[in-house]
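Read through the structure below, which is laid out as structure tokens, and then see the notes.
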Amino acid sequence: MAFQKPTGTQDILPGVVEKWQFIEERARDLCRRFNYKEIRTPIFEQTSLFERGVGETTDIVEKEMYTFIDKGDRSMTLRPEGTAGVVRSYVENKLYGEPDVTKLYYIGPMFRYERPQAGRQRQFHQFGVEVFGAVDPAIDAEVVALGYQYCRELGLQEVKVELNSVGNPSSRAAYRDKLLGFLMPMKDNLCKDCQSRIERNPMRVLDCKVDQEKFADAPSILDSLDEECTTHFAKVQELLTAMGIEYTINHRLVRGLDYYTHTAFEYKAQGIGAIDTIGGGGRYNGLVSEIGGPDQPGIGFGIGLERIALILEKQGVNFSAEKPLDVYLVALGEAADKEISTQLFKLRQAGFSAERDYLGRKMKAQMKSADRMKARYTAILGDDELERGKIALKSMETGEQRTVKLAELANELK
């Protein structure tokens, strides 16, 4: 072929896309129950938004962004994650002026240039939520619980929650000194990325996948939390326990983005090799003001839908995503063929999924087509039946066939 899909992308074809629709519908239904409203932001933004919002020492900004110069000589970037764009929209559209907490969710494609592998594509999709305006630990627990419940309702098995607190700026300043004392003696034995970040943002070193085993004895940030952070973190744990959500504390969990404060968390599940993280998030109390808005707190998460789909397949989770066709209309004769198009449109107007043959095939081939489409009924119209205002209605499950009035077809199907 002259053209093929770009490396790290995929075509989601009929037969598979129905599973994606199922995954997305579950997210939308859950957000409806939790009172979150959908937001849709552009898939590209000014590059500086991600540099400020995601963090210059992250892998995303340093290595993975799809950045280009547009015709106005402006640096633009395909969004590598969802939070920065949602925060920009929250500020630009002055959603902070609403009297209640702002609770939003999004579903859409993200873009990162990295080596493609199972569950990690250059164009991938995320379901995420963002909440603005509340510092209450109850909203932290709600956000963690929403993502956990999403995984459970999809049927994922053995979903685990890992939890940590990355403190506030004053706590991190105290922790930074302790962490540097641990890291500096081993600096020369760390990877180049760790060596470049060790003084700029030492907490990011703990997120390194290359040298992870070297940090087993790293000091815990939990020992550096002040009273405010300790109280907040304890309350989040108390609420999750009351909800019946099991979690483990991972004091090295810092996430891959620079904007987190207080609560940080990840969801993990087995099924895609060494990669077991399917999503995560945390609180970001300084991000809104960093992007130019008022000092509003925020918290959210992002879950990778490719990883969800892979784990569902690997764990053998069975679900019927494809909906059967309600009725397949079969025409026998020239006048009947014309009438079938009218009846087809009326049935669709009435809310039924309906189809007909467009290839001039004989009745046997049309019935096979109805069977392939898993039609519940076939409605067979010949020229003679048309003259009498009748049509034959056949159940594809039982084989039972009866004649009904053509004008009553929709009511009979109901």
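The values are calculated or read from the model by the stated rules, or taken from the named source; none is laboratory data. This is a predicted model, so every value here is computed, not measured. Glycine also receives a Cβ, built like all others from the backbone with ideal geometry; neighbour counts cover every protein chain displayed. Ligands, DNA and RNA are excluded from the accessible area calculation, which covers all protein heavy atoms including side chains. Shrake-Rupley method; radii C 1.70, N 1.55, O 1.52, S 1.80 Å.
Things worth noting here:
- Close pairs (6 angstrom Cβ cut-off, 6 or more residues apart or separate chains): under 16 Å from residue 388 (Cβ atoms) in region 399-413, at pLDDT 95 or above and among the aromatic types (Phe, Trp, Tyr) anywhere: none
- Boolean, residue 12 is under 17 Å from residue 308 (Cα atoms) and outside any helix (DSSP H, G or I): yes
- Qualifying residue in region 350-362 (condition: in a helix (DSSP H, G or I), without any contact (Cβ under 8 Å) to a residue 60 or more places away in the chain and of a type in the set (D, E, K, R)): no
- Residue selection: residue 242 satisfies the criterion of being under 24 Å from residue 148 (Cβ atoms) and exposed (fewer than 12 other Cβ atoms within 10 Å of the Cβ).
- Test for residue 175: is it touching a helix residue (DSSP H, G or I) at 6+ places or on another chain (Cβ under 9 Å), under 30 Å from residue 318 (Cβ atoms) and crowded, with 20+ Cβ neighbours inside 10 Å: no
- Check on residue 346, open to solvent by 60 Å² or more (accessible area, probe 1.4 Å) and either touching an Asp or Glu at 6+ places or on another chain (Cβ under 9 Å) or in contact (Cβ under 8 Å) with a residue 40 or more places away in the chain (or both): yes
- Test result for residue 209, in contact (Cβ under 8 Å) with a residue 24 or more places away in the chain, open to solvent by 50 Å² or more (accessible area, probe 1.4 Å) and either farther than 24 Å from residue 60 by Cα or outside any helix (DSSP H, G or I) (or both): no
- Single unsatisfied condition, residue 269 versus (1) open to solvent by less than 10 Å² (accessible area, probe 1.4 Å); (2) at pLDDT 90 or above; (3) in a strand (DSSP E or B): (2)
- Any hit, region 107-123, residues being among the charged types (D, E, K, R) and under 22 Å from residue 232 (Cβ atoms): no
- Residues being open to solvent by less than 30 Å² (accessible area, probe 1.4 Å) and under 15 Å from the mean Cα position of the chain (by Cα) - total across region 42-55: 0
- Listing of strands (runs of 3 or more DSSP E) fully contained in region 59-144 that carry 1 or more residues being in contact with a helix residue (DSSP H, G or I) (Cβ under 6 Å, 6 or more places away or on another chain) and under 24 Å from residue 161 (Cα atoms): 102-111, 123-132
- For region 76-104, a tally of residues being farther than 16 Å from residue 37 by Cα, surrounded by 13 or more Cβ atoms within 10 Å (Cβ to Cβ) and not hydrophobic (A, V, I, L, M, F, W, C) returns 5.
- Hey, residue 200 over 25 Å from residue 149 (Cβ atoms) and assigned to a loop (DSSP other than H, G, I, E, B) or not: yes
- Among the residues of region 213-233, those identified as over 14 Å from residue 166 (Cβ atoms), part of a helix (DSSP H, G or I) and touching a residue at least 24 places away in the same chain (Cβ under 8 Å) are 214, 215.
- Set side by side, the residues 355, 322, 334, 290 differ, and just one is open to solvent by 10 Å² or more (accessible area, probe 1.4 Å) and modelled with pLDDT of 95 or more, which is 355.
- Near pairs, Cβ below 7 angstrom, 6+ apart or cross-chain, from region 281-296 (among the hydrophobic types (A, V, I, L, M, F, W, C)) to any residue that is crowded, with 17+ Cβ neighbours inside 10 Å and part of a loop (DSSP other than H, G, I, E, B): 287/259; 288/296
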